[in-house]
Amino acid sequence: MQITFRNYKLLADFEKVSNFLHENYDPVLRNGYLLKPFWEYAHTHPAFNHKLTHRFGLWEDDGKTVAIACYEMDLGECLICIKQGYENLRNEIIDYAFNNLSVIKDGLHTLSVWTTDADAGMIKALTEQGFDKVHQEAITIYDYKQGFEMPVLPSGFCAISLDDENDFKKINACLWKGFDHGDQPDEDIDCRKLMQSGPNFRKDLTTVIKAPDGEYACFAGMWTDNDYAYLEPLATVPQYRKLGLAKAALMISMKKTAAENAQYCYGGVMDFYQKIGFEVSGYRYLYRKQIKNQD
């Protein structure tokens, strides 16, 4: 065993890390919630800070990745994944993350690290290094053994995949309004094209609910890896909420992934998910350390 450290190289290492996250997925620890679909989704998200990815840390054993520390979208929030058998690296990784992935603002040096309730060793290491738990949220999954209850869409609405129609302007309007940014979408169509540029993005798994006027009322992106599906993003235009559109889009997309041997799907934290059959399978914890900047 010869452990070496180096920094992430965006163009050279993306696929290598993707393969690491796929091969080392642990359904109990959930990779510290650094899931392969999220890794790819983040890299194609318009809010992702590509300029500072060289700060990501990679630990390798004889050239093979055994751990990574990276941010979620930008400095300040960190995700860590460690291959089983290399837990002795925890303290070194946490120390590296605090020194390189923190945000420095108003004289304070701050880093938040996501982990899961199942990773007692990481929780212990974070606590010993002065991190405090500041937030927790449910991890929800939909077990496909439940089957897929398909709600009847209201008159005039229909479900399509992006293989049927892929109108970036309509997608932009749907996601802009669906994430409550306001009634007047910006004109950044390129960011929507970027979000479909990942090597594992699937137009056929993405479900759109069209409104009677032809606009997109609901958008549900879907990814797969190992034996699970991963939802990202899900948004419904405010005027079309509470009509069962999001549930319909989710059920359609999940049923497609079941045909590809997925056994369950990760959902979100809102009450909506549990109301339609998602169950709490654990919790994500956010630990934070904040000190006065020494510079």
Quiz prompt | Residue satisfying condition, being aliphatic (A, V, I, L, M) and assigned by TED's automatic domain parsing to the domain that holds Asp74, within set Ala125, Ala159 | solution = Ala125
Quiz item: Would you call Met222 more than 22 Å from His43 (Cα to Cα) and either of a type outside the set (Gly, Ala, Ser) or not in a loop (DSSP other than H, G, I, E, B) (or both)?
Solution: no
Quiz item: Could we say that Trp114 is within 17 Å of Tyr230 (Cβ to Cβ), modelled with pLDDT of 95 or more, part of a strand (DSSP E or B) and in contact with a strand residue (DSSP E or B) (Cβ under 6 Å, 6 or more places away or on another chain) here?
Solution: yes
Quiz item: Where residues in region 55-96 are within 20 Å of Gly198 (Cβ to Cβ) and of a type outside the set (A, V, I, L, M), which of them is farthest from the chain's Cα centre (by Cα)?
Solution: Thr65
Quiz item: In region 255-282, how many are in a strand (DSSP E or B) and surrounded by 15 or more Cβ atoms within 10 Å (Cβ to Cβ)?
Solution: 6
Quiz item: Which of (1) over 19 Å from the mean Cα position of the chain (by Cα); (2) farther than 29 Å from Thr257 by Cβ does Tyr144 not meet, given it meets every other one?
Solution: (2)
Quiz prompt | region 27-57, subset buried (at least 17 other Cβ atoms within 10 Å of the Cβ) and among the basic types (Lys, Arg), residue nearest to Glu77 (Cα to Cα) | solution = Arg55
Practice problem: Within region 205-220, identify whether any single residue is more than 28 Å from Lys275 (Cα to Cα) and surrounded by fewer than 18 Cβ atoms within 10 Å (Cβ to Cβ), and answer yes or no. | Solution: yes
Quiz item: Can you name the condition, by its number, that Ala125 falls short on among (1) without any contact (Cβ under 8 Å) to a residue 60 or more places away in the chain; (2) in a helix (DSSP H, G or I); (3) in contact with a strand residue (DSSP E or B) (Cβ under 9 Å, 6 or more places away or on another chain)?
Solution: (3)
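To keep it simple, each residue is scored yes or no on (1) assigned to a loop (DSSP other than H, G, I, E, B); (2) touching a residue at least 40 places away in the same chain (Cβ under 8 Å); (3) not assigned by TED's automatic domain parsing to the domain that holds Leu11.
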| position | (1), (2), (3) |
| --- | --- |
| Asp180 | yes, yes, yes |
| Glu187 | yes, no, yes |
| Arg192 | no, no, yes |
| Ser197 | yes, yes, yes |
| Ala217 | no, yes, yes |
| Tyr230 | no, yes, yes |
| Pro233 | no, yes, yes |
| Lys247 | no, yes, yes |
Quiz item: Among the residues of region 55-76, is any part of a helix (DSSP H, G or I) and touching a residue at least 40 places away in the same chain (Cβ under 8 Å)?
Solution: yes
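The values are calculated or read from the model by the stated rules, or taken from the named source; none is laboratory data. Keep in mind that what you see is a predicted model, and the values were worked out from it rather than measured. So basically every Cβ, Gly included, is an ideal-geometry build from the backbone, and we count neighbours across all protein chains shown.
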